[in-house]
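The values are calculated or read from the model by the stated rules, or taken from the named source; none is laboratory data. These numbers come from a predicted model, not from an experiment. Quick note on the areas: whole protein, heavy atoms, side chains included, nothing else; ligands and nucleic acids left out. Shrake-Rupley method; radii C 1.70, N 1.55, O 1.52, S 1.80 Å.
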Amino acid sequence: MTSTLSQRTYTVDEYLTQEIASQDRHEYRNGELVLMPGGTPNHNQITLNLAGSLNFALRRQPYRVFIADQRLWIPDRRIYTYPDVMVGGQPVELQEGRKDTVTNPIVIAEVLSQSTRSYDKDDKFAAYRSIPSFSEYLLIDQYTAHIEHYTKTEGQAWLFREYDGLEATVSFQSFDFSLQLLDLYDRVEFSSEDVKVESDLEES
């Protein structure tokens with residue numbers, strides 16, 4: 001499960017100084033540092049499949065695809081985080097005074113784990129919605145072929161779709177790109193033991 005680094009409150013500058021020197025990644029939540037857990041092979045494979053497919057499909061187009069270690073700043077919520085996959089427009093917009101932190105994602109995808117599922121669906125999604133450029137969110141299950149897909153419509157309304165099974169195809173709203181779940185889950189090995197194994201690892 002995710003765990004706070006300590007009970008003290010950190011400034012943004014303290015966090016960034018420590019984060020650059022750290023071998024681990026931490027999310028910054030309005031003064032609180034939260035250690036980000038390592039991923040499973042399935043989590044890694046899904047992230048790689050999605051980012052690779054997007055990067056190839058969007059070549060020579062005005063977009064940039066980012067993967068797990070790219071830091072995102074959400075100023076309205078004072079959160080630094082590392083989405084599994086992001087697509088941003090070009091030119092890339094960086095936090096003022098920094099060269100390593102982006103601020104203008106259009107699409108964000110998170111691969112769900114048992115420890116982060118609720119946070120990714122609720123508080124984290126609410127934080128992402130405060131970003132003006134953000135318009136599309138994918139929540140990808142790593143234990144079965146299932147996606148929850150949110151797209152921004154007029155005003156602050158969001159449209160929700162679900163995709164189930166390897167024959168389903170998810171189509172993006174922000175640009176012309178579709179991906180069959182068969183390709184998204186390529187080389188992913190589903191097992192009834194996956195949830196238990198991940199839970200045991202996170203609690204150890």
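Give the average over all directions of the projected area of the C-alpha convex hull of the range 1-117, one decimal, in nm².
About 7.7 nm², averaged over all directions.
Taking only protein heavy atoms into account and a 1.4 Å probe, give the accessible area per residue of the chain in Å².
On a per-residue basis, the chain sits at 52 Å².
Please build a GNM for the chain, connecting alpha carbons under 10 Å apart, and tell me which residue among LEU139, LEU182, LEU72 fluctuates the most.
Maximum among the listed residues: LEU182.
When only Cα pairs under 8 Å and 6 or more residues apart are kept, what is the percent relative contact order across the chain?
Once divided by the residue count of the chain, the mean separation gives 17 percent.
Amide H to amide H, which residues 5 or more places from THR101 or on other chains are under 5 Å from it, using H placed in the peptide plane?
Distant-sequence amide H within range of THR101: GLN95.
Please list the non-local residues whose amide H lies under 5 Å from the amide H of PHE177, H modeled 1.01 Å from N, same-chain partners needing a gap of 5 or more.
PHE172
So what's the gap between the Cα centers of the range 59-119 and the range 16-36, to the nearest angstrom?
Value for the Cα centre distance between the two parts: 15 Å.
I want to verify a result. In a Gaussian network model of the chain, Cα cutoff 10 Å, which of these has the top mean-square fluctuation: GLU110, GLU27, GLU154?
Of the options given, GLU154 has the highest mean-square fluctuation.
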